[in-house]
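The values are calculated or read from the model by the stated rules, or taken from the named source; none is laboratory data. Just so we're clear, the structure is a prediction, and the values are computed from it rather than from any experiment. Cβ placement follows ideal geometry from the backbone for every residue including glycine, while neighbour counts extend to all protein chains displayed. Surface accessibility is based on the protein's heavy atoms, side chains included, excluding ligands, DNA and RNA. Shrake-Rupley method; radii C 1.70, N 1.55, O 1.52, S 1.80 Å.
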Amino acid sequence: MIEFVIAVFFLLITPGPGVLTTAGIGSAFGFRAGFAFVAGLMLGGFINMLLVISGVAAVALAVPFLRTVLLIASVSYLVFLAWRIASAGSRVGFAPAATPLGFLNGLTLQFINPKAYVVSTALFSGFAFLPDAPIWEAVIKIILFNLIWVPVHLIWLSAGAKLGSLDISETWHRRINLAMAASLLAVVGIALVSAV
């Protein structure tokens, strides 16, 4: 079980679409504004885990047409998010918008987030510690996962909010935006390479 917890921590602390978007919302709109998005991510992540555990995700991804549609949707959305971050100019976070991405955006992101499927598959197909009670193992894994997932995302949201409140030069704001956008595009690249 210790190996599972360590794996969860390292898989979640590394930037993926959910974490980078959470930090971007915190930076552009503040800590409180990101709660709805994080709540959507959490519910979407839970549904994602259930899809992986039940095998529905594996069956759906085995259909070439559906797999292609999901890949195109995923890549398109992640490129859009990267563009929004990169084009924010001298303000860290997202390009100007009236409201932050909310609950529905967070929920939707988890269905097309390639990292979410990879993480769920790795964690729930490996690290067996209750082989005679697979249902209880899945329940315990979901609880442990969320005990780490929630604080990690709140830390990223807080870091984004703190970064957005700093008085740093426009040049550094642009560099940070470009680095965040490049990280998202790296996720896109990994998703495309793994799909081939």
Heavy-atom surface of the chain, accessible at 1.4 Å and reported per residue (Å²): 51 Å²
Exposure of T68 as accessible area (Å², to 10), given a probe of 1.4 Å and all protein chains: 70 Å²
Packing-based order for 17-25, 146-154, using average beta carbon neighbours within 10 Å, highest first: 17-25, 146-154
Approximate shape of the stretch 1-96 as ellipsoid semi-axes (Cα gyration tensor, √5λ), whole Å, largest first: 27, 20, 12
R0 of 25 Å, Cβ-Cβ distance F9-L66: FRET efficiency to nearest 0.05: 0.20
Ranking by accessible area, most exposed first, for V193, V56 with a 1.4 Å probe: V193, V56
Degrees between helix 35-54 axis and first principal axis of the chain (Cα, 0 to 90, nearest 10): 30 degrees
0 to 90° range, to nearest 10: angle between helix 170-195 axis and the chain longest Cα axis: 30 degrees
Heavy-atom accessible surface of the stretch 1-136: percent carbon and sulfur, 1.4 Å: 77 percent
Computed helical MRE - 222 nm, the chain, DSSP H runs ≥ 4 contributing -39500 (n - 2.57), nearest 500: -26500 deg cm²/dmol
